[in-house]
Amino acid sequence: MKKLTKEQKRDIRAVAAKRDEDIDFSDAPAVVDWSGAEIGKFYRPTKKPVTMRIDSDVIAWLKADGRGYQTKANWLLRQAMTHLTKGKRTGSGKRLSRRTGKGK
């Protein structure tokens, strides 16, 4: 993501200082068709720095494409998490076992 210019930062501060009622939206048409919308496109969960011990061949594979290996690792872990937890949440607050997928 590119850094904002000084002018962009100034404009953002100016809009943020206004009350919602004072912002003119007359040149922005209302969106009535949401069929092409992407859910979660701009959602960015908070990140937490961690230390992990990962096999060296796995790290080499993640780094093989250059920059962004941590993002790639996060994406892979998120896909695995989504796959492994899909339909397995009972709503009872029980944790899933890593090995069996059954509640503890």
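The values are calculated or read from the model by the stated rules, or taken from the named source; none is laboratory data. Here the structure is a predicted model, which is why all the values come from computation and not from measurement. Side chains are part of the model used for accessible areas, which takes the heavy atoms of the whole protein and leaves out ligands, DNA and RNA. Shrake-Rupley method; radii C 1.70, N 1.55, O 1.52, S 1.80 Å.
For a 21 Å ceiling on Cα separation, which of these pairs sit above it: LYS9/LYS72; LYS2/LYS41; LYS6/LYS48? Can you show the working numbers first?
Working: LYS9/LYS72 30 Å; LYS2/LYS41 17 Å; LYS6/LYS48 29 Å.
As for pairs spanning more than 21 Å Cα to Cα, those are LYS9/LYS72; LYS6/LYS48.
With the full set of protein chains in place, find how many percent of the accessible area of segment 1-47 is carbon and sulfur; take the probe as 1.4 Å. Can you show the working numbers first?
Values: 3060 of 5300 Å².
It is 58 percent, rounded to a whole number.
Find the eigenvalues of the gyration tensor of the Cα atoms of segment 25-87, then list the square roots of 5 times those eigenvalues as equivalent ellipsoid semi-axes, largest first, in whole angstrom. Please list the in-between numbers first.
Values: eigenvalues 248, 51, 28 Å².
The equivalent ellipsoid of segment 25-87 has semi-axes of 35, 16, 12 Å.
For segment 35-43, what does the Karplus curve 6.51 cos²θ - 1.76 cosθ + 1.60, with θ = phi - 60°, yield as ³J(HN,Hα) per residue in whole Hz, taken in order and with x for Gly and Pro?
5, x, 5, 10, 6, x, 4, 10, 6
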